[in-house]
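So the structure is just underneath, and the comments pick up after that.
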Amino acid sequence: MGYKSFDEINEKIKCGKAVVVTAEEIIDIVAEKGVKQAAKEVDVVTTGTFGPMCSSGMFINFGHSEPPIRMTKVWLNDVLAYAGVAAVDAYIGATELSETRGMEYGGAHVIEDLIAGKDIKLYAESYGTDCYPRKEITTYINKNNVNQAYMFNPRNAYQNYAVAANTTNRIIHTYMGTLLPNLGNVTYTTSGELSPLLNDPYYRTIGIGTRVFLGGAQGYVAWEGTQHNPSQKRRENGVPLSSAGTLALIGDIKQMSTRFIRAAVFEKYGVTLFVGVGIPIPILDEELLINTCVKNSEIFANIYDYGVQSRNKPVLGSVSYEELRSGTIEINGKKVPTAPLSSLKKAREIAELLKQQIMKGEFFISQPVASLPLENKGNTLDIRGIENEKD
């Protein structure tokens, strides 16, 4: 049964009368008041997550020099950016490494430094043309003197993710952090019951055009994220057992904060970017409310053996986020310590900050202009080498 519309909730936000709670708070509210009453009273539930999201980056337009240059190769603080867009546009990926400092510094650090207001060294080359005669430029840029600098992240906010373990007898270094031998530890990410897509598992309110909290700024869902895989097997409550949905997000870096965008180095793996994302879930009906009441005890993820160097890693079992948060889990009769890669403290901070912004009338919810797909558009490509291909 429907209770409210997007417009009705936004009107309440405008008048300062919206009832907004976080995804953790709603669980106790429903336990006390019941689904029907809580659905009538609560207007918005806020979510949050803060974790490593490698598939992130920044588009930047530098403005034109005198004489002008058509940049064909661009480096920012010695980190290569992709310049095959237009004369003075470039895209820098979070995981690109510095050509002078290697794994100590990368695209994620450039993005964080730019947000922090630091000067970034720009070096660019060109072949020269009649309209763009200059062939080289060295200068410094910052967020105040470039035309545009906006984050465009092809894949953020995974709906659920793997739990990583290692059954081999050696230490391995992965995008899930350092995994100790012989099941010495497991790592996991996402924020469990605070995680955005776990609170709207069928993407009823999250779609293209949804306004989101991104890195401290107001951003938007631009498209489905790469590797969006909604047909993954799900539990009865709609929670998938593995990755499932993802989001492509966009937002203005000039409005972001290093409180919620941080570069990081994973030992012997590379550079990544920790991204803070918060999404409000408007409570249009009881079904949506029930989805936001999902608990850590009801969210399960598969444990994969990252010691196997294959895309199809063996599944060692399934575990709830309640168990993961306890600090130890059991795998094959062995107690194994757990460690989160995402920050629960930051996730809570984001959900609370988003809640306050909505209550103050600074953040309005937006109805998607198009829905995210609920079925896979195609099969996962099995990429094979061509070393043995005959002429």
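The values are calculated or read from the model by the stated rules, or taken from the named source; none is laboratory data. Only a predicted model underlies this, so the values are computations on that prediction, with no experimental measurement involved. With ideal geometry, Cβ positions are generated from the backbone for all residues, glycine too; neighbour counts draw on all protein chains shown.
Please verify whether the range 171-181 includes one or more residues that are within 24 Å of Val45 (Cβ to Cβ), buried (at least 23 other Cβ atoms within 10 Å of the Cβ) and at pLDDT 95 or above.
Looking for residues that are within 24 Å of Val45 (Cβ to Cβ), buried (at least 23 other Cβ atoms within 10 Å of the Cβ) and at pLDDT 95 or above, one finds none in the range 171-181, hence no.
Out of all the residues in the range 21-35, which are touching a residue at least 24 places away in the same chain (Cβ under 8 Å) and over 27 Å from the mean Cα position of the chain (by Cα)? Matches in the range 21-35: Val30, Val35. I'd like the full set of residues that are in a strand (DSSP E or B), out of contact with any Lys or Arg (no Cβ under 7 Å at 6 or more places or on another chain) and of a type in the set (Asp, Glu), limited to the range 98-141. Those that are in a strand (DSSP E or B), out of contact with any Lys or Arg (no Cβ under 7 Å at 6 or more places or on another chain) and of a type in the set (Asp, Glu): Glu104, Glu136.
Return yes or no: is Ala248 outside the structural domain of Met103 (by TED's automatic domain parsing), within 14 Å of Leu197 (Cα to Cα) and touching a Phe, Trp or Tyr at 6+ places or on another chain (Cβ under 7 Å)?
In short, yes.
Taking the stated definitions as given, is Ser320 more than 26 Å from Ile365 (Cα to Cα) and touching a helix residue (DSSP H, G or I) at 6+ places or on another chain (Cβ under 6 Å)? Yes; evaluated as a whole, the condition is true for this residue. In the range 74-95, the qualifying residues are those that are surrounded by fewer than 21 Cβ atoms within 10 Å (Cβ to Cβ) and within 20 Å of the chain's Cα centre (by Cα), and the one that is farthest from Gln255 (Cα to Cα) is Thr95. For the range 314-359, the set of residues classified as part of a loop (DSSP other than H, G, I, E, B), over 14 Å from Ile303 (Cα atoms) and touching a residue at least 24 places away in the same chain (Cβ under 8 Å) consists of Leu341, Ser342, Ser343, listed by residue number. Kindly indicate whether Ala18 is under 19 Å from Thr205 (Cα atoms), touching a residue at least 40 places away in the same chain (Cβ under 8 Å), in the same structural domain as Leu341 (by TED's automatic domain parsing) and over 29 Å from the mean Cα position of the chain (by Cα). For Ala18, the condition - under 19 Å from Thr205 (Cα atoms), touching a residue at least 40 places away in the same chain (Cβ under 8 Å), in the same structural domain as Leu341 (by TED's automatic domain parsing) and over 29 Å from the mean Cα position of the chain (by Cα) - is not met. Does Thr138 satisfy the condition of being more than 26 Å from Phe364 (Cβ to Cβ) and either in the same structural domain as Arg70 (by TED's automatic domain parsing) or free of Cβ contacts under 8 Å to residues at least 40 places away in the same chain (or both)? Against the criterion (more than 26 Å from Phe364 (Cβ to Cβ) and either in the same structural domain as Arg70 (by TED's automatic domain parsing) or free of Cβ contacts under 8 Å to residues at least 40 places away in the same chain (or both)), Thr138 qualifies.
If you filter the range 1-35 down to residues that are touching a strand residue (DSSP E or B) at 6+ places or on another chain (Cβ under 7 Å) and outside any loop (DSSP other than H, G, I, E, B), you find that the one that is farthest from Trp223 (Cα to Cα) is Ile29. Restricting the search to the range 291-318, which residues are surrounded by fewer than 17 Cβ atoms within 10 Å (Cβ to Cβ) and either hydroxyl-bearing (Ser, Thr, Tyr) or not assigned by TED's automatic domain parsing to the domain that holds Pro196 (or both)? Scanning the range 291-318 gives Ser297, Ser310, Ser318.
If only one of Asn185, Asn156 is closer than 30 Å to Pro280 by Cβ, within 25 Å of the chain's Cα centre (by Cα) and assigned by TED's automatic domain parsing to the domain that holds Phe266, which one is it? The unique qualifying residue is Asn156.
Restricting the first member to the range 225-254 and to residues that are hydrophobic (A, V, I, L, M, F, W, C) and surrounded by fewer than 20 Cβ atoms within 10 Å (Cβ to Cβ), and the second to residues that are at pLDDT 90 or above and assigned to a loop (DSSP other than H, G, I, E, B), the beta-carbon pairs closer than 9 Å and six or more apart or on different chains are Leu241/Asn160. Exactly one residue out of Leu288, Leu273 is in contact (Cβ under 8 Å) with a residue 60 or more places away in the chain, buried (at least 20 other Cβ atoms within 10 Å of the Cβ) and more than 25 Å from Ala162 (Cα to Cα), and it is Leu288. Hey, can you tell me all the residues within the range 113-163 that are among the polar types (S, T, N, Q) and out of contact with any strand residue (DSSP E or B) (no Cβ under 9 Å at 6 or more places or on another chain)? Of everything in the range 113-163, those that are among the polar types (S, T, N, Q) and out of contact with any strand residue (DSSP E or B) (no Cβ under 9 Å at 6 or more places or on another chain) turn out to be Thr129, Asn144, Asn145.
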